[in-house]
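Here the structure comes first, spelled out in structure tokens, and everything after it is commentary.
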Amino acid sequence: MSELVITPPPEYNYDEDLSSPMYSMCAGSSERVIQFEPFKRTGCPDCDWLYFTDHMTINLGSRVWGLHAPSYGLNGKVEGAVKFSGDRSHVEKVIVTLEGLLNTSVSQRGPGSGEYKVPVLSSTVQIYSYADSTVEWTDEHVFSIDLPSEVMVQGVVSQLPPSFAAYYQNSSCEVSYRLRIDMARRGLRRHESKTISILYLPKTRPSEAPLISIPRPSRNLSDSPLCIFERVKTVALEPILPLDAKRLTKSPISTHSQKSVFFSLPSPQCFSSGEPVPFTLSLVFPSDPFLASMYSKNIRIVLLKRVQLWRKGITEPIIRDTTLASAHLRYFNEYSEGVTLLRGSIRAGAEGKESSWCVKGIAETQYILRLMVNPPTHLYGHLPSFKHDEKLQITTDSWGTLERELASTGGTPTPALGLASCLRHVDEI
């Protein structure tokens, strides 16, 4: 039998006096720096946003996002350049104005009917003046106007609302932005103007990572139905009595149903569009076990997109609801006799296409999670129903994606392209 020969590993010499290499913020000769460069104007009609008048050529940069108008994200800058042609002798000045308008319309009988237009943004820069001898007529005149994240609207600070359009029977709501370039001439000579529609599509994100599931409650659910978990909100649903309430209040069932249905959601109620919103529903009827089983068969949970419009001089808003999604109940557990726990989730609309916003007292887009628990049809006059509306905040993007986006775009947030799905094309003037 041959003897196993083991070869020892080679010896390595370690010089303890050898210092660590020097590190520097500057790249060495063998290193390459990857740097984001802003989109440049090429002057190509198929590549750039180009607009023309008799004596102006306006370039708003590259057609990057594939939308029908120039688009900008949160804290974006509306940048461009204007070239003049023709005689300058009668041109007094050229100014560029960025405007935002919130337009609501209500056509119905009664007070408050009509169109209501509210300016939400107005910013102006002058790019040429005849009196300024340092500016050459033949130069390319560049401009840059910031899109603020907050604005003052009728004395109230609000987030600058995104471009938006919603049309209903007898009412509508539209948020639009436009860039206007005006060439003013002296005397009675014709002024020249160009109005360009643009899109403001700010991305929004939750301020903290949302819960992806709700912890399982303890087995003594019947003893403490309002179990409090960290970052979980639990509400007790109030029973809704039928019209024949007198007969119902004499029944012992009405007493047991006062605190019997509980709904739990992650807290805070802020979720990314397109992602599932987890929830639990607890039916606690230990004294009437058959009610838990009966109510569990008649549950409906939907997510509503609610647009609220306030009419001038009227405190009560007009409300328009649209159903976005229905819940899916995945798990059904009977903890004990008369105590049932249901778990499920509901999708927060289409990915990237939903976002909560509000201009107080004028218009608001909300998202309402509506829960309805009903008795069987033949028992409507004898048992209460349960209903609850929970307001959710919906964002366009997920938590934790901002740093990665800023790193890849050089610090400029990109537009929330999904928000453009509700917008219509408006021709420039």
(request) Beta carbons within 10 angstrom, averaged per residue: use that to sort the peptides 134-143, 402-411, highest first. (result) 134-143, 402-411
(message) Please state the shape class of the stretch 232-395: rounded when a/c is under 1.5, otherwise prolate if a/b exceeds b/c and oblate if not, all from the C-alpha gyration tensor.
(response) oblate
(request) Please get the size of the charge dipole for the stretch 232-395, origin at its Cα centre, with Cβ charges of +1 on Lys and Arg and -1 on Asp and Glu, quoted in debye to the nearest 20. (result) 400 debye
(message) Students often get this wrong, so check it: of K194/K312; K194/K305; K203/K305; K259/K391, which have C-alpha atoms separated by over 26 Å?
(response) K194/K312; K194/K305
(request) Could you tally the net charge around V120, taking each other residue with its Cβ under 13 Å from the Cβ of V120, Lys/Arg +1 and Asp/Glu -1? (result) 0
(request) Apply 1/(1 + (r/R0)^6) to the Cβ-Cβ distance of K360 and Q169, taking R0 = 30 Å, and write down the FRET efficiency to the nearest 0.05. (result) 0.75
(message) If amide hydrogens are placed 1.01 Å from N in the peptide plane, which non-local residues have theirs closer than 5 Å to the one on L160?
(response) E150, V151
(request) Set the Förster distance to 22 Å, then compute FRET efficiency between S207 and A350 from the Cβ-Cβ distance, nearest 0.05. (result) 0.50
(request) First select every other residue whose beta carbon is under 15 angstrom from the beta carbon of V135; then total the charges, Lys and Arg +1, Asp and Glu -1. (result) -2
(message) For V232, what residues show an amide H to amide H distance below 5 Å, using hydrogens built from the backbone and excluding near sequence neighbours?
(response) S267
(message) Among DSSP bridges having both ends in the stretch 232-395, what percentage is antiparallel? Round to the nearest 5.
(response) 95 percent
(message) Please compute the length gained on full extension between E334 and S85, using 0.36 nm multiplied by the number of residues separating them and subtracting their Cα-Cα distance.
(response) 81.7 nm
(request) Count charges around L341 for me, please; just the other residues with Cβ under 10 Å from its Cβ, Lys/Arg as +1, Asp/Glu as -1. (result) +1
(request) Take peptides 381-387, 199-205 and line them up by average Cβ neighbours within 10 Å, highest first, as a rough protection proxy. (result) 199-205, 381-387
(message) Check which residues have an amide H placed less than 5 Å from S385's amide H, if you skip close sequence neighbours.
(response) I240
(message) Charges on Cβ only, +1 for Lys and Arg, -1 for Asp and Glu, centred on the Cα centroid of the stretch 232-395; of C270, L291, T315, which one is farthest towards the dipole's positive end?
(response) T315
(request) When a/c is below 1.5 the answer is rounded, else prolate if a/b is larger than b/c, else oblate, so apply that to the stretch 47-180 with a ≥ b ≥ c taken from the square roots of the Cα gyration tensor eigenvalues. (result) prolate
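Bear in mind these aren't lab numbers, they're just calculated from the coordinates by the rules spelled out. Here the structure is a predicted model, which means the values were calculated and not measured. We place every Cβ from the backbone using ideal geometry, glycine too, and count neighbours over all the protein chains shown.
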